[in-house]
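Below is one structure, written out as structure tokens; the observations come after it.
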Amino acid sequence: MSVAVILVAAGKGERLGAGTPKALVRVAGTTLLEHAISRAIGTKDLAQLVITATAGYLEQFLSLATPHIPSGIDLVVLEGGETRQQSIALALGRVDKSAEVILVHDAARAFTPTEVFDRVVAEVSASGFGVVPVVAVHDTVKRASGEEVLETVDRSELRAAQTPQGFPAQLLRDAYSSVTEEHTDDASLVQAFGHRVLSVAGDRMAMKVTTADDLILASHLVGGEQRTGIGTDTHRFSEEADKPLYLGTILWDGERGLDGHSDGDALSHAIVDALLSAAGLGDIGSNFGVDRPEFTGANGKVFLEETLVKLHSHGFSVINVSAQIIGNRPKVAPMRALVEQALTAIIHAPVTISATTTDGLGFLGNTEGVAVVASALIQQAKK
Ligand code: CTP
Ligand code: MG
């Protein structure tokens, strides 16, 4: 029995709104794409994994996927189509002709245990029909028209469908070569051609990540130990009146710049220290050394991005970062939203910024410099 898995991951993740394709969003330090691959790859008799990548991200998907593929399993990564169904149609064109059973799985259901894949394959082989993993519906379900509740549906007949859904290879190919309507899953697509579909037990871990709330739930399901870290940084205002101010990686127009070996971005540096300390990976000095010429004048983004790579390689993901800017100047309120946005886009987790003065006291009160205190919460994946 030769099995191929089509892993559809080409969506944009618009409802999640992470600013990056959903498959690249990290939960407990690992992208959803890799969570999905690492569970799919254990499927018995798996010969081929075909992954649809979001347009423009082919190389990134390929480099994330490759290290997870044992020898003997063929990996194909291709750009997906406009819709889920079009992505699957394109992927089917790349499935090896020798595949007898094809599973179609959503990368958005990244935590589906390998046993579900095996159950689906076993039932397809035994029955020759399409097979969908399902779970019971626990909510009382209403049929409604606008605000008006019309009736309560008998939930004993209802099942919530999950993936992977499995099919005899030829049956799926035939259905896809004739289909004209859009379907939300492959079981309904093959049923539209009169084929029978059976169900097997799904798994609550096969939940679908659609909105930001689902990510919180997911990080509880697969997330391990959480740790906090703290970091501070202080820089002196420059003597040069025209030196630009960079804080939180972006330019603060009209404000005097800060001195430093890099660009004096105390905010980014404090956050780097908070992240490194949470992970137990030292601090900005021990990781980036003030004597290294490549960091002369470097933007805070360089340090943040490299810090994130270090955290990810140790299995950590960032839950949130909070930082406070201390000093008379610059005035933070007009820039707060922009800085939060810039840092959130780099760190891929909420970053919030507050500000305070020191009641005129000390070097922060007389505008000699700026200090920042940052704290970070990070999480390591369950082994
Ligand atoms: N998918 C795909 N090709 C598309 C659209 C979706 O391969 N053109 C994949 C997604 O990557 C996902 C699965 O189909 O794994 C289910 O889609 P969905 O949960 O809707 O993900 P997105 O389309 O990324 O999310 P959204 O609809 O919020 O943009
Ligand atoms: Mg979608």
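The values are calculated or read from the model by the stated rules, or taken from the named source; none is laboratory data. Note that the coordinates shown come from a computational prediction; the quantities given were computed from them, not determined experimentally. A quick note on method: Cβ atoms are made from the backbone with ideal geometry, for glycine too, and the neighbour counts reach across all protein chains shown. Heavy atoms of the whole protein, side chains included, go into the accessibility calculation; ligands, DNA and RNA do not. Shrake-Rupley method; radii C 1.70, N 1.55, O 1.52, S 1.80 Å.
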### Query
Can G315 be described as modelled with pLDDT under 90, in contact with a strand residue (DSSP E or B) (Cβ under 9 Å, 6 or more places away or on another chain), small (G, A, S) and open to solvent by 10 Å² or more (accessible area, probe 1.4 Å)?
yes
### Query
Filtering the range 110-152 down to residues that are farther than 30 Å from R26 by Cα and of a type in the set (A, V, I, L, M), which residue is most open to solvent (accessible area, probe 1.4 Å)?
L150
### Query
Do the conditions hold for L33, that is, is it within 16 Å of ligand 2 (Cβ to nearest atom), surrounded by 24 or more Cβ atoms within 10 Å (Cβ to Cβ) and either part of a helix (DSSP H, G or I) or among the polar types (S, T, N, Q) (or both)?
yes
## Note on the structure
Looking across the range 15-30 at residues that are over 16 Å from G56 (Cα atoms) and within 11 Å of ligand 2 (Cβ to nearest atom), the single one that is most open to solvent (accessible area, probe 1.4 Å) is R15
### Task
Can you work out which of the residues in the range 193-225 that are β-branched (V, I, T), within 15 Å of A28 (Cα to Cα) and touching a residue at least 24 places away in the same chain (Cβ under 8 Å) is farthest from ligand 1 (Cβ to nearest atom)?
V222
### Summary
The one condition E59 fails out of (1) on the phi > 0 side of the Ramachandran plot; (2) away from ligand 2 (no atom under 14 Å from the Cβ); (3) open to solvent by 10 Å² or more (accessible area, probe 1.4 Å) is (1)
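Answer yes if at least one residue in the range 81-93 is part of a loop (DSSP other than H, G, I, E, B), open to solvent by 40 Å² or more (accessible area, probe 1.4 Å), free of Cβ contacts under 8 Å to residues at least 40 places away in the same chain and near ligand 1 (Cβ under 9 Å from one of its atoms), and no otherwise.
yes
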### Qualifying position, being at negative phi and over 33 Å from the mean Cα position of the chain (by Cα), among D96, D174
D174
### Message
Within the range 229-238, does at least one residue satisfy the condition of being in the same structural domain as E368 (by TED's automatic domain parsing) and charged (D, E, K, R)?
### Response
yes
